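J.: Before we start, here is the structure in question, set down as structure tokens.
The values are calculated or read from the model by the stated rules, or taken from the named source; none is laboratory data. All figures in this text were calculated on a predicted structure; none of them were measured in a lab. FYI the Cβ positions are ideal-geometry reconstructions off the backbone, even for glycines, and counts take in every protein chain you see. Quick note on the areas: whole protein, heavy atoms, side chains included, nothing else; ligands and nucleic acids left out. Shrake-Rupley method; radii C 1.70, N 1.55, O 1.52, S 1.80 Å.
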Amino acid sequence: MNTKTQVGIIGGGPSGLMLSQLLHLKGIDNIVLEKHSREYVLGRIRAGVLEHGFAELMREAQCGERMDAEGEIHEGFYVAEGNKKRRVDLAAHTGGNSVVVYGQTELTRDLYEARAKLNGKVIHNVEDVKLHDLKSDAPHITYRSGDDVIRIDCDYIIGADGFHGVSRKSIPSDVLREYEKVYPFGWLGVLSRTKPVSPELVYAKSDRGFALCSLRSQVLSRYYIQVPLTDSVEDWSDDAFWDELKKRLPDDVANALETGPSIEKSIAPLRSFVAEPMRYGNMFLAGDAAHIVPPTGARGLNSAASDIYYLYHALVDHYEKGDDTGLDNYSEKALARIWKAQRFSWWMTTLLHTFPDSIAYDQKLQQTDLQYLFSSEAALTSLAENYVGLPF
Ligand code: APR
Ligand code: PHB
């Protein structure tokens, strides 16, 4: 069976869905191919901090209503060190900018609903997706649905299929360059139906390792602790998790912590990764397919946002004005911002975690970095402008 579209999008995560919705609103035909069911995609618990630019893109995609009603605007967060807790005033250091705390699961649900409302073409449970003739003017995608092999002819293919997807792997190895850093620890995360311990996030550095207090709503909390890569979820009962979390937080925070049964518990390894270039012929990579950050700076989804923003405008310029400058510059422009998000995520990870192999000199530098941060308006401004998101 053969079909045709202008833009074939591989991956129905936030990147693919957002681009699909934005293009549809501009009358650009597209099809999203997703390997899993909608329920599976919505079952994944992921981070929950959206920068201003991403929130704006949600509104432009006509998907911002619930985010604006239920998401919380945060104008600051805390950094704790041992028993000390200091606030980073994002608004004061960025001329009034802030972030929106709204779960990625909810955001993805909003995008799916918006796509369904416009009869957007999102095909689930596709198998064996393959990309063909990427260097030609007539690239195409094939996939299997049951016994049928379906071919989609496209003008452009967008690889928004996450870190484990097929799109990046379709770039020949003599063209593709991959940069990777794997950290020697992971984050054990717990979601619980408890009142968040702090109205604003608390990033905590302690001698026992890093901890983070985050939230999804006033009745749903998300907490994390740094754990060795050798640990598994089974090693951590709920009680053991709460005990360890309390030991890593300042006393006043630990004493106020409301505990309860975990609704979800998982371990995520920390990794930094970038693939270059982000264009091969008429295929463009976006989001996790091209880059991953450790979650410390809350940059994951926000790095995907600028890719989508650049691609959206580049494709609109192509179809509406016959102007290909945006497409031609995409890889270079997207990578320039991505590397800044990589740098910031690496810096925040290095600042706050306990590294098993660090020498006394490294530890002194880490302490000095934190002291400098809270003694310098310039350093705080740098942290704040990166956390709320650099301009697109
Ligand atoms: N064919 C079709 N779909 C695929 C394939 C494939 N071969 N491989 C993977 N997928 C799908 C996955 O099932 C997933 O739903 O692509 C989607 C990619 O979604 P994400 O991994 O969420 O990536 P992205 O949309 O770029 O979102 C970036 O997600 O991981 C977080 O920190 C990250 O917040 C950031 C955001
Ligand atoms: C989360 O709420 O899951 C979260 C928040 C901030 C981070 C990472 C994760 O930096």
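J.: Quick check on ASN119: is it more than 24 Å from the chain's Cα centre (by Cα) and on the phi > 0 side of the Ramachandran plot?
T.: Considered against the rule, which asks whether it is more than 24 Å from the chain's Cα centre (by Cα) and on the phi > 0 side of the Ramachandran plot, ASN119 comes out as yes.
J.: Output the number of residues of region 348-366 satisfying the condition of being in contact (Cβ under 8 Å) with a residue 12 or more places away in the chain, more than 17 Å from the chain's Cα centre (by Cα) and part of a helix (DSSP H, G or I).
T.: Within region 348-366, residues that are in contact (Cβ under 8 Å) with a residue 12 or more places away in the chain, more than 17 Å from the chain's Cα centre (by Cα) and part of a helix (DSSP H, G or I) number 4.
J.: Please enumerate the residues belonging to region 297-326 that are more than 12 Å from ligand 1 (Cβ to nearest atom) and either closer than 25 Å to GLY189 by Cβ or of a type in the set (D, E, K, R) (or both).
T.: Scanning region 297-326 gives ASP317, GLU320, LYS321, ASP323, ASP324.
J.: Only one of these is among the hydrophobic types (A, V, I, L, M, F, W, C), crowded, with 19+ Cβ neighbours inside 10 Å and within 11 Å of ligand 1 (Cβ to nearest atom): ALA275, ALA289. Name it.
T.: Answer to the selection: ALA289.
J.: If I ask for residues that are assigned to a loop (DSSP other than H, G, I, E, B) and near ligand 1 (Cβ under 9 Å from one of its atoms), which ones from region 27-43 would you list?
T.: Within region 27-43, GLU34, LYS35, HIS36 meet the criteria.
This table checks each residue for (1) open to solvent by 80 Å² or more (accessible area, probe 1.4 Å); (2) part of a loop (DSSP other than H, G, I, E, B); (3) within 16 Å of ligand 2 (Cβ to nearest atom).
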residue: ILE45; (1), (2), (3): no, yes, yes
residue: LEU50; (1), (2), (3): no, no, yes
residue: ALA55; (1), (2), (3): no, no, yes
residue: ARG66; (1), (2), (3): no, no, no
residue: ALA69; (1), (2), (3): yes, no, no
residue: ALA80; (1), (2), (3): no, no, yes
residue: THR108; (1), (2), (3): no, no, yes
residue: GLU113; (1), (2), (3): yes, no, no
residue: ALA116; (1), (2), (3): no, no, no
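J.: Can you spot a residue in region 174-192 that is in contact with a Ser or Thr (Cβ under 7 Å, 6 or more places away or on another chain) and either farther than 30 Å from LYS35 by Cβ or hydroxyl-bearing (Ser, Thr, Tyr) (or both)?
T.: yes
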